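Have a look at the structure below, then the notes.
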């Protein structure tokens, strides 16, 4: 009887551990992570919207700009020429861009 109870207890422990194990998500691609609304602070208004292969700055709500993207570089084709940013960090909720000169840093949070 004790042996049966011990086996039952071990089985319950193992099955509860397996049920509580976190399910791993596939990592999202960088292009998918870039999509959405980004703000400079979590409580601020949007600084830019990224949708498909275009983005719009918060200051210029009527102008969609084309951009190209690699996992390390974001190039925005503005009317006065391309702006190139190095991507320092891109996660589900944050984006850090470094400008051409390396002195301007743009920290953005997903809204």
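The values are calculated or read from the model by the stated rules, or taken from the named source; none is laboratory data. Quick caveat, the model's predicted, so the values are computed rather than measured. No Cβ is skipped: glycine too gets one built from the backbone with ideal geometry, and neighbour counts run over all protein chains shown.
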Notebook entry, point to check: Which number in (1) surrounded by 13 or more Cβ atoms within 10 Å (Cβ to Cβ); (2) in contact with a strand residue (DSSP E or B) (Cβ under 7 Å, 6 or more places away or on another chain); (3) under 21 Å from residue 29 (Cβ atoms); (4) free of Cβ contacts under 8 Å to residues at least 60 places away in the same chain marks the one condition that residue 72 misses?
Noted result: (1)
Item checked: Flag if residue 60 is in a strand (DSSP E or B), out of contact with any helix residue (DSSP H, G or I) (no Cβ under 7 Å at 6 or more places or on another chain), surrounded by fewer than 15 Cβ atoms within 10 Å (Cβ to Cβ) and without any contact (Cβ under 8 Å) to a residue 60 or more places away in the chain -> no
Next item on the list: State whether one or more residues within segment 37-48 are surrounded by 12 or more Cβ atoms within 10 Å (Cβ to Cβ), at pLDDT below 90, out of contact with any helix residue (DSSP H, G or I) (no Cβ under 6 Å at 6 or more places or on another chain) and more than 16 Å from residue 108 (Cβ to Cβ).
Entry: no
Notebook entry, point to check: Just for segment 28-43: of the residues that are over 10 Å from the mean Cα position of the chain (by Cα) and in a loop (DSSP other than H, G, I, E, B), which one is nearest to residue 88 (Cα to Cα)?
Noted result: 40
